[in-house]
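Report on the following structure.
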Amino acid sequence: MTILRNAGTGSPNEDRKVQAIEGVNSLSRSLRGRLVAALALVLLPAALIALGWTVAQNRQLRQERIDAATQANAYVAAQIDEVLREAQLAAAELESQLAKTGAAADSCSAAAAPVLGSYPELTAVAVFTGDTLRCAYGFDRDALVARASTTTRERLSTQLAQGLTAVLDSPVSGGPVLLASAITARSNRDTVAIFSVSHVIFEIALRSARVSQEHGSIVLSPSDRLVAEYRTENIPADWLPRGGISAQQFGSGSHAFMDESRGGDGYRYFATRSSRTGVTVLTGYPSAAFFSNEQRQLWGAIMPPVIMLLGATIGIVFAVDRLVLRWLHYLKRLTRVYGSGRFSVRAVRLVHAPSELAELGEAFDNMAENIAQHAEALETVAEEKSQLLRELHHRVKNNFQVIVSLLSLHKQALPAERRDDIRFIEDHVQAMAVAYRVCYALGDITDAPLTELLEDVVDGLRRSAALPAEQVRIEVAARDVTVDLDRAIGIGLYLAALLPAYLDEAQRARRAVELTAVRRESGLVLSCRFADDEAVGSLNPLRERLTRAYVRQLAARPLDTTCASERSIELAMPAPGPAPA
């Protein structure tokens, strides 16, 4: 089955698009839409400027946060360097004491005692010249000598040979930390002082950063040995970088980088390496929480103006809707009712509106009152004119009746052979009188029902011809048609010029006359003929000329017919209207 669509109808999607476009256009033309557009033009640049300033401030705060973390890490590295510097100073004092006491073992121990007393962080000291232990002194000297193995001493010596002033090592995780510093060279062999320091000293240094965020920190020796570690409560043990870390990968100074931890979380790392000691301090912060304070500050700076802008926009739109648009819609409804013809409506509710709109309502009421008075005056004048016109038509109708009566009396007084002269005038006057009488009887002096018009005109002509009623048949298939007064007079005069010839022939030959009126799409067809379809005699020249003149007056056109006796015309315009109820 083939379904044919109307080519002028669009698809549903196209209809929805058209409706959406019309809705947008209607909104853009409305007061509310233009108000929102004006607010956007005024407030949007300010909002964009404020947003740009806030973003710039947030970037600055982020950079300051990074700088603060870098400085905190550098501060911890400086604290570690201070501990190593004390070891260097202790080694220098020990060197001075050894120069005074000599090279004996007892004298070495005697020289070490006052040095350890001056530096409480140092718990023990051992002096090695090459592979030989010269002396050891302190609280845990035996443990110190045990931890300062040949491998450890070689590692420390190698680091000192690289130009570092003091180095550290942590042979045992969680145990004392070894600090080494060179004393002097004797017999082509270096003399090294190795001090023992508790790892707690370094943890205290790591805590000294005073960072409020969750973080983890470690201290690495130049040989990548983990010396100390500190983590806040929520930092997991696997917070160090997944790829590992080496002190050699950083040059001197501070460095910042982002990496994934061994636990798979993102971290921001800050590393600081001392150029004098080779010690590296590494601190890591979770990336998700690193800029949390700055993020809160950003939202704290953005949300108040955004809320204020939204509140101002909603408040203005609501105020305009309540103070302006509501009353404009009220006026719109009033004007529609007023336009429907109810001139009694007044803008009584506008007394509660703002003063400007109340004044508009008062002006509307004054205008409505003036228009109502003017309309009433016009109705009075129109009624007076209508009554005058009706009186005029009534007098014309009566005058026509008087003329018809006078002609009828005069015709009766004339001999029979001269009555046709008076009959011609009588028929025409009678036809015009019927048109006026029918219009006046209907109550509307401008229109007349076609059926009653034809019946009365034909009845008057039949009586004038003294023809029995059964020899005239009238068929009107357009009983709901009315014609105006001018056309009614024209139709009556047309019948007064045409129909007497048919009536006289019907009187002479006992024939029947048929008059029909049919409503068609093109107009009204009026036909006259004999029932037996025999030809009618020709009209006299005057009647023929008048018939053609009345056809032109009616804006009608003659129709060709197949009947010998039929004469038809079609009233093309204007189309007959329906009869009033």
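The values are calculated or read from the model by the stated rules, or taken from the named source; none is laboratory data. In this text the structure is predicted, and so the values were computed from the model without any measurement. Here Cβ is always computed from backbone atoms with ideal geometry, including for glycine, and neighbour counts include all displayed protein chains. Accessible surface areas use protein heavy atoms only, side chains included; no ligands, DNA or RNA. Shrake-Rupley method; radii C 1.70, N 1.55, O 1.52, S 1.80 Å.
Nonpolar atom fraction for segment 232-327, defined as the carbon and sulfur part of the 1.4 Å probe accessible area, stands at 60 percent.
Can you list the aspartates and glutamates whose alpha carbon is less than 17 Å from that of residue 397, not counting same-chain residues fewer than 8 positions off? Within reach: 426, 427, 444, 447, 452, 456, 484, 486. Assuming a ≥ b ≥ c are the square roots of the Cα gyration tensor eigenvalues, decide whether the chain counts as rounded (a/c under 1.5), prolate (otherwise, with a/b larger than b/c) or oblate. The shape class here is prolate. For the chain, the longest principal axis of the alpha carbon atoms and the long axis of helix 150-161 meet at an angle near 70°. In terms of its C-alpha gyration tensor, segment 460-535 comes out prolate, because a/c is 1.5 or above and the ratio a/b outweighs b/c. Take each peptide in 211-221, 492-502, 327-337, count the other Cβ atoms within 10 Å of every residue, and average; sorted highest first, the result is 492-502, 211-221, 327-337.
Using alpha carbons only, how many degrees (0 to 90, rounded to 10) separate the axis of helix 485-509 from the longest principal axis of the chain? Helix 485-509 sits at roughly 40 degrees to that axis.
Would you mind telling me the share, in percent, of accessible area of segment 375-530 contributed by carbon and sulfur at probe 1.4 angstrom? Its accessible area is 51 percent carbon and sulfur atoms.
For the chain, what is the mean residue ellipticity at 222 nm derived from helices alone (per DSSP H run of n ≥ 4: -39500 (n - 2.57); sum divided by total residues; nearest 500 deg cm²/dmol)?
-19000 deg cm²/dmol, from helical runs alone.
Rolling a 1.4 angstrom probe over the protein heavy atoms with all chains in place gives the chain an accessible area of 55 Å² per residue.
In a shell of Cβ-Cβ distance under 12 Å around residue 199, excluding residue 199 itself, what net charge do Lys and Arg (+1) and Asp and Glu (-1) give?
Numbers: positive: 225; negative: 121, 169, 203, 229.
Net charge around residue 199: -3.
In segment 406-511, Cα pairs under 8 Å separated by at least six residues give a relative contact order of 31 percent.
From a point 7 Å beyond the Cα of residue 158 in the direction of its Cβ, which residues of segment 190-218 have a backbone N at a distance under 19 Å? Only 190-194 pass the distance filter. Each other residue within a Cβ distance under 13 Å of residue 301 adds +1 if Lys or Arg and -1 if Asp or Glu, for a net charge of +1. Cα axis of helix 419-442 to longest principal axis of the chain: angle in degrees, 0 to 90, nearest 10? Helix 419-442 sits roughly 30 degrees off the main axis of the chain. Each of residue 557 and residue 150 was given a label point 7 Å from its Cα along the Cα-to-Cβ line. The distance between the two points is 13.8 nm. Other residues within the sphere of radius under 11 Å centred on the Cβ of residue 339, judged by their own Cβ, net out at +4 (K and R +1, D and E -1).
Give me the percent relative contact order of the chain, please, defined on Cα pairs under 8 angstrom at least 6 residues apart.
8
Taking label positions 7 Å along the Cα-Cβ direction at both residue 302 and residue 369, the computed distance is 6.0 nm, reported to one decimal. Using a probe of 1.4 Å on the protein chains alone, the accessible area found for residue 302 is around 30 Å². At full extension, residue 378 and residue 143 could sit 71.9 nm farther apart than now, given 0.36 nm per residue minus the alpha carbon distance. The accessible-area ordering, largest first, of the residues 432, 258 stands as 258, 432, per a 1.4 angstrom probe.
Cα gyration tensor of segment 80-132, axes a ≥ b ≥ c as square roots of the eigenvalues: rounded (a/c below 1.5), prolate (a/b > b/c) or oblate? In terms of gyration-tensor shape, prolate. Projecting the Cα atoms of 248, 213, 235 onto the dipole axis of the chain, where Lys and Arg carry +1 and Asp and Glu carry -1 at the beta carbon, places 248 farthest toward the positive end.
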